[in-house]
Amino acid sequence: MFELLFYAVPALMIAGAVFALARLLRRSREVRRAWHGGLTAEARCLQTYTTTSGGGGETSVHTTLHHVYEFTTREGRTVRFEEANGPGTTIPGDIVTVHYTAERPERATAHAPARGRLAAESGCQVAFFGVFIGGCVLFMVAAHGVFSMADGFLP
C-alpha cells in the first residue's frame, strides 16, 4: 500500500503539468489568432492589480501584474477582458490598442505583436513541462524497480 504513494503522487503531478501545459498552449494559440485576426480597437485600461505566489520557505515571491481592459468591437459590442503580464507603465485610464478576432473578441490581447517572442516563451515553457513530466516518469520507473527488487529479497 505504501508503494502506491510512489505512483499516485507523481501521477497527480503529471496531471497538473499536463493541465498547465494545455492552458499555456491554448492561450498562446489565442494570442497568435488575435494578432493574425486583423481586427484592432482602442481599449481603455479600467484597472490594474497584482497577484503573488511563492514565498514559502526557500521559494522566492513571484508577482504578476494584471490589467482589465474594455473596448467596443466594430459591431458595437462592449467587451471587457483581463490579461496578465502586461506592461507596468499602463495605468487605469490609459488607452491601448488591442488585437482580437471577430469570433472571440473576449480573448483579445493588448500585447503588441511579437511572434518570435511568443514562440520562444512558449517553447521554453513546453520544454520545462516536458522535462518535469519526464522526471516524474523516471521517478515512477525507478520506484517500480526498487519495489520489484525488494519483493525478491523479502521472504
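Across the chain, the longest run free of exposed loop sites, meaning GluC sites (Glu not before Pro) lying outside DSSP classes H, G, I, E and B with no more than 13 other Cβ atoms within 10 Å, spans 1-57. Distance between the pseudo-spin-label points of R104 and L5 (7 Å out from Cα toward the beta carbon): 4.1 nm. Measuring r between the beta carbons of V126 and Y49 and using R0 = 30 Å, the FRET efficiency lands at 0.60.
In whole angstrom, note down how far apart the Cα centers of segment 30-100 and segment 123-139 are. That distance is 29 Å. Once the C-beta distance of A143 and A114 is scaled by a Förster radius of 35 Å, the resulting FRET efficiency is 0.25 to the nearest 0.05.
Taking only the C-alpha atoms of the chain, the Rg (one decimal) and the largest Cα-Cα distance, Dmax (whole number), read 21.9, 77 Å.
Within the listed set T64, T48, T101, the residue fluctuating most in the Gaussian network model of the chain (springs between alpha-carbon atoms under 10 angstrom) is T64.
Placing dummy labels 7 Å off each Cα toward the beta-carbon, the span from R32 to N85 is 1.5 nm. For segment 1-80, the normalised intensity computed at q = 0.16, 0.18, 0.20 Å⁻¹ comes to -0.93, -1.04, -1.12 (log10 of I(q)/I(0), Debye sum over alpha carbons, equal scatterers, no solvent). Considering helices alone, the calculated mean residue ellipticity of the chain at 222 nm is -17000 deg cm²/dmol, with DSSP H runs of length four and up weighted by -39500 (n - 2.57) and normalised per residue.
Would you work out which of A15, A114, T52 lies farthest towards the positive end of the dipole of the chain, given +1 charges on the beta-carbon of Lys and Arg and -1 on that of Asp and Glu, about the Cα centre? Among A15, A114, T52, the one farthest towards the positive end of the dipole of the chain is A114. Charge dipole (Cα centre; +1 on Lys/Arg Cβ, -1 on Asp/Glu Cβ; no other charges) of the chain amounts to roughly 580 debye. Full extension of the chain between V61 and T97 yields a length gain of 9.9 nm, computed as 0.36 nm times the residue separation minus the alpha carbon distance.
No lab work stands behind these numbers, since they all come straight from the coordinates. Here the structure is a predicted model, which means the values were calculated and not measured. So basically every Cβ, Gly included, is an ideal-geometry build from the backbone, and we count neighbours across all protein chains shown.
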